Each structure stands twice: as structure tokens, then as C-alpha cells.
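Below is one structure, written out as C-alpha cells; the observations come after it.
The values are calculated or read from the model by the stated rules, or taken from the named source; none is laboratory data. In this text the structure is predicted, and so the values were computed from the model without any measurement. Reconstructed Cβ throughout: ideal geometry from the backbone, glycine too, with neighbour counts over all protein chains shown. Surface areas here come from the heavy atoms of the whole protein model, side chains and all, with no ligands, DNA or RNA. Shrake-Rupley method; radii C 1.70, N 1.55, O 1.52, S 1.80 Å.
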Amino acid sequence: GEIVGVYFSKVIAGQGIGRDVVEMAFDYLDQFKPKNIILTGTLTAKPFYEKMGFVEVEKKKINCRGALLDCFKMEKHIND
């Protein structure tokens, strides 16, 4: 499974909305029984995803509107 394009502004950070959205994605992906879920997170999002059970598998730079951002391919293994 893959989670793509989850971004929240600082205005709503820390209110649990991100956690709710990621858990909704987990619930949706569960019907497909994936062995793992992958995503790419930014430097600021990395600690959040780590709390959700993801681990870094690769560090990379992504071009976002002309700026290179430090990003991380992350993965969460799903228990059978």
C-alpha cells in the first residue's frame, strides 16, 4: 500500500487530524491486505510518521517548486 500527498499546515498541526487521516488510510488499505505501507515524508513530517510506526528506508532530495527538500522514503510493515 502507499500513502501519497498528505500535507498539513502548522495551523492544524498537533490537533490529531494527521493521525486521524493516516489511520483512515490504514483502515482503507487493510481491505487489500498489504504486507507493508510506504510513503515519502519531509524532514518535519518524519518524527510524526515514526510515531505512527514507519521507519526510514531511504533518504532522498525532492524538487518542490525549484527548492530541493530533504525527504525520506518510509515503510511500515503490517503484521499478518
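Enter the angle in degrees (range 0 to 90, nearest 10) between the Cα long axis of helix 17-30 and the first principal axis of the Cα atoms of the chain, meaning the one along which they spread out most.
Roughly 40 degrees between the two axes.
Students sometimes get this wrong: rank F8, F32 by accessible area, probe 1.4 Å, all chains present, largest first.
F32, F8
Tell me what the chain gives for mean residue ellipticity at 222 nm when only DSSP H runs of n ≥ 4 count, each as -39,500 (n - 2.57), the sum divided by the residue total, rounded to 500 deg cm²/dmol.
-7500 deg cm²/dmol, from helical runs alone.
Using only Cα atoms, what is the ratio of the radius of gyration of the stretch 10-49 to 2.2 N^0.38 Å?
The reported ratio for this selection is 1.31.
Report K59's accessible area, 1.4 Å probe, all protein chains in place, as a number in Å² to the nearest 10.
Using a 1.4 Å probe on the heavy atoms, I get roughly 120 Å².
With both bridge residues required to lie in the chain, what share of the DSSP beta bridges run antiparallel, to the nearest 5%?
95 percent
Given a 1.4 Å probe and the protein chains all in place, what does the accessible area of E2 round to, in Å² to the nearest 10?
The accessible area of E2 comes to roughly 110 Å².
Could you name the lysines whose alpha carbon sits less than 19 Å from that of K33, not counting residues in the same chain fewer than 8 places away?
Reachable lysines: K76.
Straight-line reach from K73: which lysines fall under 17 Å, measuring Cα to Cα and dropping same-chain residues less than 8 apart?
K35, K46, K51, K59, K60, K61
Report the one residue of I17, T40, Y28 whose Cα lies farthest in the direction of the positive end of the charge dipole of the chain (charges on C-beta: Lys and Arg +1, Asp and Glu -1; origin at the Cα centre).
Highest projection toward the positive end goes to T40.
Cα-Cα pairs above 20 Å in the chain: how many percent?
Within the chain, distances greater than 20 Å cover 33 percent of Cα pairs.
So how do L69, L39 rank on accessible area, 1.4 Å probe, biggest first, that is with the largest at the start? Numbers along the way, then the final one.
Details: L69 65, L39 5 Å².
Reading off the accessible areas and sorting them downward yields L69, L39.
If R₀ is 25 angstrom, what is the calculated FRET efficiency for the pair S9 and E56, using the beta carbon separation as r and rounding to 0.05?
About 0.55, to the nearest 0.05.
Sort V22, V4 from largest to smallest accessible area, using a 1.4 Å probe on the heavy atoms of the protein chains. Can you show the working numbers first?
Values: V22 0, V4 110 Å².
Reading off the accessible areas and sorting them downward yields V4, V22.
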